[in-house]
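This report concerns only the one structure given below.
The values are calculated or read from the model by the stated rules, or taken from the named source; none is laboratory data. Because the structure is predicted, anything quoted here is derived from the model rather than measured. Cβ placement follows ideal geometry from the backbone for every residue including glycine, while neighbour counts extend to all protein chains displayed.
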Amino acid sequence: MAGGHEPARMCVICRRRFAKSQLLRHVLAPSAETEGETRAGAGKSGLEADEAQARPGRGWYVCSDPQCREKFLKLGRVRRKRKGV
């Protein structure tokens, strides 16, 4: 396979497409009961940044625009989607 292809992902806020490496991926933090500890940086939404883009589970991609990142943290749709609804 040729090495020139890079997957494209869409920012969940502005709906623009970017190369996967240009976006920040967020995943649902594991619950404290399952892990036996609380995770730092999980915040109110229960989402954590996945800098390596390798953690299992549903991922949400957000571009580097500060407005998109701010809106993402306030977005109610994320709460519904993480429940699988």
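Looking at segment 56-69, I want the residues that are over 17 Å from Ala29 (Cα atoms) and have a partner that is aromatic (Phe, Trp, Tyr) and assigned to a strand (DSSP E or B) with Cβ atoms under 8 Å, at least 6 apart or on another chain. Which pairs are those?
The qualifying pairs are Cys63/Phe18.
Among the strands (runs of 3 or more DSSP E) confined wholly to segment 1-40, which include 2 or more residues that are surrounded by fewer than 17 Cβ atoms within 10 Å (Cβ to Cβ) and at pLDDT 95 or above? Let's see the steps before the verdict.
On the way: elements: 8-10, 17-19, 24-28.
Qualifying strands (runs of 3 or more DSSP E): 8-10, 17-19.
How do the pairs read when you match residues in segment 18-35 that are over 15 Å from Gly57 (Cβ atoms) with residues anywhere that are modelled with pLDDT under 80, using Cβ under 8 Å and keeping only pairs 6 or more apart or on different chains?
Close Cβ pairs (under 8 Å, with a partner that is modelled with pLDDT under 80) amount to Ala32/Thr38; Ala32/Arg39.
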